[in-house]
Amino acid sequence: MSVSARRRRPMSPHDADSTLALAQDLGDEMARRWNDGERSETESFLARYPQLAEDPQAALELIYEEMCQRRRVGDECPRSTWLGRFPQWKEQIEVLLACHDLLEIAGASFPEAGDTFGDFELLDQFGAGAHGRVYLARQPSLADRPVVLKLASLTGQEHLSLARLQHTYIMPLYWTQDDAATGLRALCMPYLGGASLAWLLARLASIPPARRTGRDLVQVLVAAGEGNSLAPPVQGPVCRFLEQASYIEAICTIGACLAEALDYAHQRNVVHHDLKPSNVLIAADGQPFLLDFHLAQPALEPGSEAVAWLGGTPGYMAPEHEAALAAIEARQPIPRRVDGAADIFSLGLLLCECLTGERPQPGDPPARWLRRKNGKVSVGLADLLAGCLAPQAAQRYPSAAALAGDLRRHLAQQPLKYTANRSLSERWGKWRRRRPYALLVFFVGALAISCLAIANTVRQQWRDARHTLDEAQAAEAAAEQRSLLQQLHTIVGQLREVYGADSMDTEDAERLESNARRLWEKRQAIVAAPFAGDPGPSREVKDDLAVLAILWANLHAGRERQADSRAAAEAMEVLQDAERLTGATVVLCREQARLAELLGDRELAARAAAKAKDLAPASPWEHYVLGRMAFSARDFEGAEGHFLAALEKEPKDLWSNFYHGRAAYELKEYEEAVSAFAVCVALAHRAPWCYYNRGLAYMQLSHPEAARRDFDRALALDPHLAAAALDRGMLSYTQQRYDEAIADLERASSDGADAANVAYGLALVFAAKGDRAAALRQLEELFALQPDHEAAKTLAEHLHAGPDAPPAKTFRAR
């Protein structure tokens, strides 16, 4: 894989515009050519993109790349050559040459592609800057999964900001590791493919914003992954939406997601301070992510002087942000509060740049400027963005959540809540789109009256009305089908969650089963083609229908255990219908074989099992289901193989990670179990069972304090989690914290823990404290429940003989 030899020079904040982003991408192209043996020179790139020659910063980016490549191959040019080739930038090149050697020394402590760092193999370098370097890496200990590894100095605070933020549209942090030998901190994040918004906008620059479509955005997203075998495919529901959406709808959707992410951070008093296109990732599945929290910190209060650090990118900063920077440079108090309103201003600038290709300058009326630059920006949307760009923070949107809400309302053709729409025609058009049949109904009624009054035109008007009605009915059918598809996607997601859970409330199970049954009864409407020439349901729709049938049948047959097996027979009928409708899959056939065995039809069971053997799992979910089946049969090695196969394609799937950890634990691969449960904690940080299971793995690795922290967190989230109280009690016993052990064991007992385990644990603790009578009483209770408890018999013999208590029994994971 080609790797850039460049040590990026320290960039001023002015570098972060679309021209510089293009130059940096061309620098990467130059590096690839040099690595392939082609000695490309800066002039060839300047000839291809004349606009770069008008921006010295962008041109110097290419010149500096060529300097680094020549040094790498031992073909450095003398100073006079560089000054002779580019006399118009003589002063800048003098400074660049003076800094070149220093930059090489400063970057020497960073590893290169091909090296290893801890548990990771570094494959390629995505970029470098004053704050560190970003690599594409592979983690062999977790099925060679690709990750993004950011290396920065130990003084950075980005990991502390990210650790507090677990949101759908904020890049998650798996974990961090400090290396004192190199002075570097590693931040490990998932590799989601895609490209930065700045990169995408640079690739779209040749298309005028008014002529762009959502499909154009998807096409450049596809181009971003070409040539990278590790890049995930560009697909999924978000990408399908973008392909059908207008460019303005796509940008508003991205803006709403980013606003929701900012609101989540602002609620936790984290202000990003550096929102710009290069700090937004559009993943391969089309989902936007907010990146780079190295400048994030709490809101700045007026009058503050002692600010640990503050930065930003000119051209993307709010007026109060710029004023704060100027005050700090002048060693004066900050004049105005800098809070989430500054991020709202930056997001408004970012959206303007996406919609027009540039940002409004101070003094330009934003709404009028937007309409002049892109005539497809409606008056309402222009007013909405003007509400982000008010010079005074108090005049902007009151919160990022309010901004997200108005963007969603604009997309849904609804009236805006926080800004007035001055255009009567736009408001009328939105009303029409929300109620597409209101005027049609009025027209049909008027037409009927006219037909009665004008006899000589009855037949023609009837035909016209019939044609209009047919079109309306077809539109209604299409709308109903879209609604059913959305319901299908939602219910399948809920059913998958139920399949992953160990237990479920009866009322919730009945409600979910009822909804699934209702949707299955409408399957023909889901797969029907409402328009002539429609090719029929997509593969994704068929897969969802197959999953609906499998999970509903599993839920129904598992809950209804009548003696006549009526529920199993109904479930079997549904599975056979599903096979006829969507085709055979390995899980569908396995479920048919299971139900056939339950019904006593061995011939049908044998046919279904034979068919399943000839099929391979076709999706991550099928691998997960097969893994669960193997896990239930205690085939932990087979289960682990299926869970790793599922995670290779869906590394952020909660249940695949969880059961991967469970299987690794059973196989005594405790370090891998800790890693798997750590991912679960990142994905579901409010789920107590994630912390509890990681605590069990830490106990097996002899990390008692780490185990205690996880048990504490699990009990803080669920005070009645009896298993966590029981194991924390036994951990306290091994650490001779006997009073804490007794309190936790009694707590576990009151919350329904196994009485025999609790009695044995208390007997151990009382024996260790020297209270033989209390220990013997606990053993009496235990023998009443479990007379053949061998460990308890051994303990009783010791107590009757009078020696000290024996070592603690090790408890297994639950």
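Observations
- Test for Ala610: is it farther than 21 Å from Asp544 by Cβ, open to solvent by less than 20 Å² (accessible area, probe 1.4 Å), of a type outside the set (Phe, Trp, Tyr) and out of contact with any Leu (no Cβ under 6 Å at 6 or more places or on another chain): no
- Those residues of the stretch 43-74 which are in a loop (DSSP other than H, G, I, E, B) and among the hydrophobic types (A, V, I, L, M, F, W, C), in sequence order: Val73
- Number of positions in the stretch 192-211 that are open to solvent by 20 Å² or more (accessible area, probe 1.4 Å), part of a loop (DSSP other than H, G, I, E, B) and more than 16 Å from Gly236 (Cβ to Cβ): 4
- Failed criterion for Tyr418 (all others in (1) open to solvent by 50 Å² or more (accessible area, probe 1.4 Å); (2) closer than 23 Å to His272 by Cβ; (3) in contact with a helix residue (DSSP H, G or I) (Cβ under 6 Å, 6 or more places away or on another chain); (4) not in a loop (DSSP other than H, G, I, E, B) hold): (4)
- Counting only residues that are buried (at least 18 other Cβ atoms within 10 Å of the Cβ) and more than 25 Å from the chain's Cα centre (by Cα), the stretch 329-340 holds 4 of them.
- Reported count of residues in the stretch 46-78, each being out of contact with any Ser or Thr (no Cβ under 6 Å at 6 or more places or on another chain) and crowded, with 21+ Cβ neighbours inside 10 Å, is 9.
Yes/no per residue for (1) under 29 Å from Pro140 (Cα atoms); (2) under 26 Å from the mean Cα position of the chain (by Cα); (3) without any contact (Cβ under 8 Å) to a residue 24 or more places away in the chain:
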{"site": "Ala664", "(1), (2), (3)": "yes, yes, no"}
{"site": "Leu667", "(1), (2), (3)": "yes, no, no"}
{"site": "Val681", "(1), (2), (3)": "yes, yes, yes"}
{"site": "Met699", "(1), (2), (3)": "yes, no, no"}
{"site": "Ala706", "(1), (2), (3)": "yes, no, yes"}
{"site": "Arg713", "(1), (2), (3)": "no, yes, no"}
{"site": "Asp718", "(1), (2), (3)": "no, yes, no"}
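- Qualifying residue in the stretch 277-292 (condition: surrounded by fewer than 18 Cβ atoms within 10 Å (Cβ to Cβ), modelled with pLDDT of 90 or more and outside any loop (DSSP other than H, G, I, E, B)): no
- Residues of the stretch 399-415 satisfying the condition of being touching a residue at least 24 places away in the same chain (Cβ under 8 Å) and in a loop (DSSP other than H, G, I, E, B): Ser399
- Only one of the numbered conditions (1) in contact with a Lys or Arg (Cβ under 8 Å, 6 or more places away or on another chain); (2) part of a helix (DSSP H, G or I); (3) within 18 Å of Leu97 (Cβ to Cβ) is violated by Cys77, and that is (2).
- Filter pass, Arg559 being at pLDDT below 70, among the basic types (Lys, Arg) and over 20 Å from His623 (Cβ atoms): yes
- Leading residue by the ranking (most open to solvent (accessible area, probe 1.4 Å)) among those in the stretch 376-398 that are touching a helix residue (DSSP H, G or I) at 6+ places or on another chain (Cβ under 6 Å) and outside any helix (DSSP H, G or I): Lys376
- Residue check, Gly363 in a loop (DSSP other than H, G, I, E, B), touching a residue at least 40 places away in the same chain (Cβ under 8 Å) and either farther than 30 Å from Asn269 by Cα or open to solvent by 60 Å² or more (accessible area, probe 1.4 Å) (or both): no
- The residue list Asp601, Asp635 contains one member that is at pLDDT 90 or above and open to solvent by 40 Å² or more (accessible area, probe 1.4 Å), which is Asp635.
The values are calculated or read from the model by the stated rules, or taken from the named source; none is laboratory data. In this text the structure is predicted, and so the values were computed from the model without any measurement. No Cβ is skipped: glycine too gets one built from the backbone with ideal geometry, and neighbour counts run over all protein chains shown. Quick note on the areas: whole protein, heavy atoms, side chains included, nothing else; ligands and nucleic acids left out. Shrake-Rupley method; radii C 1.70, N 1.55, O 1.52, S 1.80 Å.
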